[in-house]
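Here the structure comes first, spelled out in structure tokens, and everything after it is commentary.
The values are calculated or read from the model by the stated rules, or taken from the named source; none is laboratory data. Quantities reported herein were computed from a predicted structural model and do not represent experimental measurements. Virtual Cβ from ideal backbone geometry, glycine too; neighbours counted across all protein chains shown. Remember, those area values only see protein heavy atoms, side chains included, never the ligands or the DNA or RNA. Shrake-Rupley method; radii C 1.70, N 1.55, O 1.52, S 1.80 Å.
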Amino acid sequence: MDKAIGIINANYDTPDLKELINGRTAASVPFGGRYRMIDFALSNMVNADITSVGIITPYKYRSLLDHVGAGSEWNLDRKNGGLFVLPGSVFGISSPGSRFLLRDFRRNMVFLSRAQAQYVVITTANVIANMDYSALIEQHEKSGADVTMATITATEADKDLMGVELEAGKVKSTFRGVKPGDEAFIDCFVVTYSLLLKVLEWYSAIDYLDFFEVLAGDYDKMDVRTYKVTGYVHSVYTADNYFKRNMDLLDPCVVDELFRDERPVLTKITDTAPTRYAETASAKNSLIPAGCMVDGTVENSVLFRGVKVKKGAIVRNSIIMQSCTIGENAVIENVIIDRSNVIAPGTVMKGAADSVLIMAKNELGK
Amino acid sequence: MAKKKECIAMLLAGGQGSRLGALTKSVAKPAVSFGGKYRIIDFSLSNCANSHIDTVGVLTQYRPLRLNAYLGNGHAWDMSGRDGGVFILPPYATESGAEWYKGTADAIFQNLDFIDLYDPGYVLILSGDHIYRMDYQDMLRNHKENNADVSVSVMQVPWEEASRFGILTADDEGRILKFSEKPKNPDSNLASMGIYIFSKEVLKKALIEDSTDPESEHDFGNNIIPKLLGEQKRLFTYEFKGFWKDVGTFGSYHQTNMELLDENPEFNIFDPDQPILSNVNTRPPQYLGPNAKVHTSIVADGARILGSVEHSVMSPDTFVGEGAVVTDSVILPGARIEEGAKVTRAILGENAVIVKNAVFGSADESVPIAVLGNEKVYGEGGAN
């Protein structure tokens, strides 16, 4: 029997990601030059030797499945265990904002009952963190808790998270409206396998509720504890947060922490040539992956693969996603340009520093 | 019994590449880094993948461990399917004893059983240390049209250089009349590229006979080709037009890397229709610092550039510190140029380090390219 199996729930509504979720799931939103949001959760799972991972998918799953494939990049194309794509339920009708609907788990009882384990690590796909899940599991096991919720000390950026009140080291209640300094749940927890199955059975009649909604009435009976995570941990459920978290990567210390050798963040590999910088190129304080052609100026920006910045073009404080072309002498400032867009020569696009423009992806572009 | 194949490839990757000494102390030449993110063997393997040849035996002998790890099961070149793959073929023992590969022909001879597993009609013999793009299917078509026993890929070389190559003399139809190794007075300028297609039965018979010939060096160019010519077999040239380089010396290795930086490079690694596939680790994107200057260069993932890079090739996980200047150089994976250091017309081996403020290499073109071996440290406190 495995010690732990993993479930990444990608089935929740994220309207505040705006145009970024046009035609894709929140889990498959591109991030950090070459990754997708889900890469962090998926890599954290396999880096903790979890070899059975279920992904509960939402309705718009095409781009997500395109990205994860058979799981080979994460060594999850296995005979024993592996990657399981699980159908999610229709969300957003009774519990807007819910991230762990009971019926998403109940609907996938076949996965749960076949993949027997002592513990289940459950997370959303929108947590940007290189987290050691094995330490989380270890604490859960040692403490004898039923549920261990991973938490952080909230900052201004963490308003969307659920706050946690503790009493004598155990969770007594949860609340919305997190303020800086509060202990906040990062939508990642470990639950004892047998207890999860019991909860799903007890509450089968009201499985339109969220796991933590039903737990709210049971905090006196159940042993729910927290595991405090330090370091770079951010959830991304809004476009504003998305922009800021990408810009965080222009600090090499953040890159070193997130993309460390001993716990690599894995992603789908595409074979692209190295990036070519022309004689006329000027690129500073930017994150640029392989496969780009830089002839113009790039400053304080994150580019994705296959981006072409033509001669005389200027890209500042912006995120330019895969396969976009910025035409000659175009000026792009404070903009997120989603993938496959071609910006005509001479175009000027400027957002404000505190309110960036978003250009949706060119759905049928290459 | 494996599924029968029309054509399989046997890739000779056992050479030491001794003229690239500092870069091949711990790795075979085919595993030497090239062009920012590739290894030399990627070019032949990608040619196979792009030519729909999905079964490749790789003959290894000299320091094969890094190469083996790099090749894996061939998945990176789309070759790990049920019916094909990349197979590493080192020398092995049999009931009559064990021997090293004594030559290129002997290496294939010792693996005739491997070829028989797939029972191909044709066997493509490649070497793993050339930089080029070729459609092997086109060569195979040519081979069949000529009803040839052997086809030898050739390219025209300048007449004045012909005496440095193995030269083939052919008639108007392309039928080979003569092979001369490094002829003093060449009567042809068609040089062999060391790429052969054999009809399998011809190959098998020739190798078996050659194996018992005490005079033979067991080499394709020097023994097998002349032997088959003597037997009046049908040997034809296949003329290749395009970019082909043997990067066997530091000079040619450096120059060929530098040519990738041309505005319209003759060898275009950026061509999306014929991608060069490689087995790379997932590394974060490259980071260019607030004072970085990068011009006329190619840079791979995981590189971190805080200083200046001019006309250079930067491999994965390379580092250029603040105020450091790299010019006209090839920097191999993991190499570090610390702050204030200066590197000019140089090759830095994998994980090599140029310490703070050290100066390595010279812009003087009469001086040979400066080379720092893999894992070496140069500058104050470190030995060259």
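When averaged across all projection directions, what area in nm² does the alpha-carbon convex hull of the protein assembly as shown cover?
37.1
Multiply the residue separation of A:L195 and A:E156 by 0.36 nm, subtract the distance between their alpha-carbon atoms, and state the gained length in nm to one decimal.
10.6 nm
Show log10 I(q)/I(0) for segment A:140-278 at q = 0.17, 0.19, 0.20 Å⁻¹, two decimals, from a solvent-free Debye sum over equal Cα scatterers.
-1.06, -1.20, -1.26
Give the relative contact order (percent, whole number) for segment B:262-384; include only Cα pairs under 8 Å separated by 6+ residues.
14
Could you work out the mean projected area of the convex hull around the alpha carbons of chain B, in square nanometres to one decimal? Walk me through the numbers on the way to the answer.
Working: hull surface 82.7 nm².
Result: 20.7 nm².
Using mean Cβ contacts within 10 Å as the protection proxy, how do A:28-41, B:168-181 order, highest first?
Put in order of decreasing packing, that is A:28-41, B:168-181.
Taking the Cα atoms of segment A:237-366 alone, what are Rg (to one decimal) and Dmax (as a whole number) in Å?
14.3, 45
With a 1.4 Å probe on protein heavy atoms only, work out how much accessible surface A and B bury together, total over both chains, in Å² to the nearest 100. Could you put the intermediate results ahead of the total?
Details: alone 15600 and 17370 Å², together 30170 Å².
Chains A and B together bury roughly 2800 Å² of accessible area.
If you build the convex hull over the alpha carbons only and average its shadow over all orientations, what do you get for segment B:33-132? Give it in nm² to one decimal.
Its Cα hull, projected and averaged over all orientations, spans 7.1 nm².
Using amide H atoms built in the peptide plane, which far-off residues or other-chain residues are under 5 Å from B:Q286 H to H?
A:I288, A:A290, B:G302, B:A303
Which whole number gives the average, over all residues in A:285-297, of C-beta atoms from other chains lying within 10 Å of the residue C-beta?
Details: counts 6, 7, 5, 9, 7, 13, 4, 3, 1, 5, 0, 0, 0.
Whole-number average of other-chain Cβ neighbours for A:285-297 is 5.
Can you pull the percent of the protein assembly as shown's accessible area that's carbon plus sulfur, 1.4 Å probe, other chains left in place? Could the numbers behind the result be given before it?
Working: 14570 of 30170 Å².
C and S fraction of accessible area: 48 percent.
How big is the dipole moment of segment A:1-141 about its Cα centre under a simple scheme where the beta carbon of each Lys and Arg is +1, that of each Asp and Glu is -1, and everything else is neutral? Debye, nearest 20, please.
480
Roughly how tilted is helix A:133-143, in degrees to the nearest 10 and between 0 and 90, from the longest Cα axis of chain A?
Here the helix axis deviates by roughly 20 degrees.
For segment A:1-143, state what percent of all Cα-Cα pairs lands in each successive 10 Å bin, counting from 0 Å until the bin that includes the largest distance.
12, 43, 36, 9, 0
Sort the following peptides by mean Cβ neighbour count (other Cβ atoms within 10 Å, averaged over residues), highest first: A:105-112, A:11-18.
Sorting A:105-112, A:11-18 by mean packing, highest first, produces A:11-18, A:105-112.
Kindly express, to the nearest 10 degrees and within the range 0 to 90, the angle between helix B:250-259's C-alpha long axis and the longest C-alpha principal axis of chain B.
Roughly 80 degrees between the two axes.
Which whole number gives the average count of other chain Cβ atoms within 10 Å of the Cβ atoms across peptide B:234-244?
That works out to 0 on average.
What is the set of long-range amide H partners of B:V359 at a cut-off below 5 Å, with H atoms built 1.01 Å from backbone N?
Placed amide hydrogens put B:K342 under 5 Å from B:V359.
Taking all pairs of distinct Cα atoms, average 1/r, flip it, and tell me the Kirkwood hydrodynamic radius of chain A in Å to one decimal place.
21.3
Provide the packing ranking of A:281-290, A:253-262, A:138-147, i.e. peptides ordered by the mean count of other C-beta atoms within 10 Å per residue, highest first.
By packing density, highest mean first, the sequence is A:281-290, A:138-147, A:253-262.
Can you give the percent of C-alpha pairs in segment B:240-325 whose distance is more than 14 Å?
Numbers: 2571 of 3655 pairs.
Percentage above 14 Å: 70.
Rg(Cα) of segment B:177-255 divided by 2.2 N^0.38 Å?
1.29
How big is segment B:80-214 by Rg and Dmax over its Cα atoms, in Å?
16.7, 51
Any idea what Rg and Dmax come out to for segment B:135-286 if you just take the C-alpha atoms, in Å?
18.3, 58
Largest first and in whole Å, what are the equivalent-ellipsoid semi-axes of segment A:203-296 based on the Cα gyration tensor, each being the root of 5 times an eigenvalue?
Whole-Å semi-axes of the equivalent ellipsoid: 43, 16, 14.
Can you work out ³J(HN,Hα) from phi for every residue in segment A:202-218, in order, using Karplus 6.51 cos²θ - 1.76 cosθ + 1.60 and θ = phi - 60°, giving whole Hz and x for Gly and Pro?
These are the phi-based 3J(HN,Hα) values: 4, 9, 4, 6, 10, 7, 7, 8, 8, 3, 7, 5, 6, 5, 3, x, 10 Hz.
Could you report segment B:296-384's accessible area per residue, 1.4 Å probe, as an integer in Å²?
36
First obtain the Kirkwood hydrodynamic radius of segment A:137-213 from its Cα pairs, then insert it into the Stokes-Einstein equation at 20 °C and 1.002 mPa s, and state the resulting D in µm² per second as a whole number.
Result for D is 157 µm²/s.
Pairs of alpha-carbon atoms within less than 8 angstrom and 6+ residues apart define the contacts here; what relative contact order does chain B have, in percent?
Relative contact order for chain B comes out at 14 percent.
I'd like the accessible area for B:D135, computed on protein heavy atoms only with a 1.4 Å probe and all protein chains in place. Round to 10 Å², please.
70
Using a 10 Å cut-off on Cβ to Cβ distances, tally the other chain neighbours for every residue of A:263-272 and report the average as a whole number.
Values: counts 0, 4, 3, 2, 2, 1, 7, 1, 14, 9.
Neighbouring Cβ atoms belonging to other protein chains average 4 per residue here.
Rounding to the nearest 20 debye, state how big the charge dipole of segment B:124-231 is about its Cα centre with +1 on each Lys and Arg Cβ and -1 on each Asp and Glu Cβ.
Details: 12 positive and 20 negative charges, 40 e Å.
It comes to approximately 180 debye.
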